[in-house]
Amino acid sequence: MINQWPLGALTLALGISTMVDAQNADDRKALSDSVSAENLRRLSAELQSEFERQEALVIAYLKRHPDQSRTFDKNGSTYHLKRIGPDGNPVYINTKSTQAAQDTDHAKTKASEQTNKADSPHGGGSR
């Protein structure tokens, strides 16, 4: 008895390649572009809807808490009320951090010191 598996696999492979080749490159590109554009439009609409929902929650929260503001400064950092979390608490983002700036300046200074050391000649080297 002949093993039917290789014949079946070959038949399947030829069938699939024939179906794929049934569309030319332009048809595949047009189909791909339309699907991608539609997905992007759908995603954009979903994200816009979520943004509007979150904005409405932030506005409602600020109306209920008039002592709170959308943006405030504390300890040299600026905080911005981004959204309201699932627990009903505000979620802020920190848009400026003096500590991060100081750390960055310190790292630059350290790198500069190391570069200066590497640039200066050392005695006893090969001649």
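Taking the criterion of being modelled with pLDDT under 90 and exposed (fewer than 10 other Cβ atoms within 10 Å of the Cβ), would at least one residue in the stretch 41-54 satisfy it? So far as the stretch 41-54 goes, no, none of its residues is modelled with pLDDT under 90 and exposed (fewer than 10 other Cβ atoms within 10 Å of the Cβ). Selection of the stretch 59-87 for residues being open to solvent by less than 70 Å² (accessible area, probe 1.4 Å) and within 19 Å of residue 49 (Cα to Cα) yields 60, 61, 81, 84, 85. Looking across the stretch 66-81, just one residue is free of Cβ contacts under 8 Å to residues at least 12 places away in the same chain and basic (Lys, Arg), and that is 74.
The values are calculated or read from the model by the stated rules, or taken from the named source; none is laboratory data. Every value quoted in this text rests on a predicted model; they were computed, and no experiment measured them. Neighbour counts run over all protein chains shown; Cβ positions are idealised from the backbone, glycine included. We work out accessible area using only protein heavy atoms, side chains counted, and drop any ligands, DNA or RNA first. Shrake-Rupley method; radii C 1.70, N 1.55, O 1.52, S 1.80 Å.
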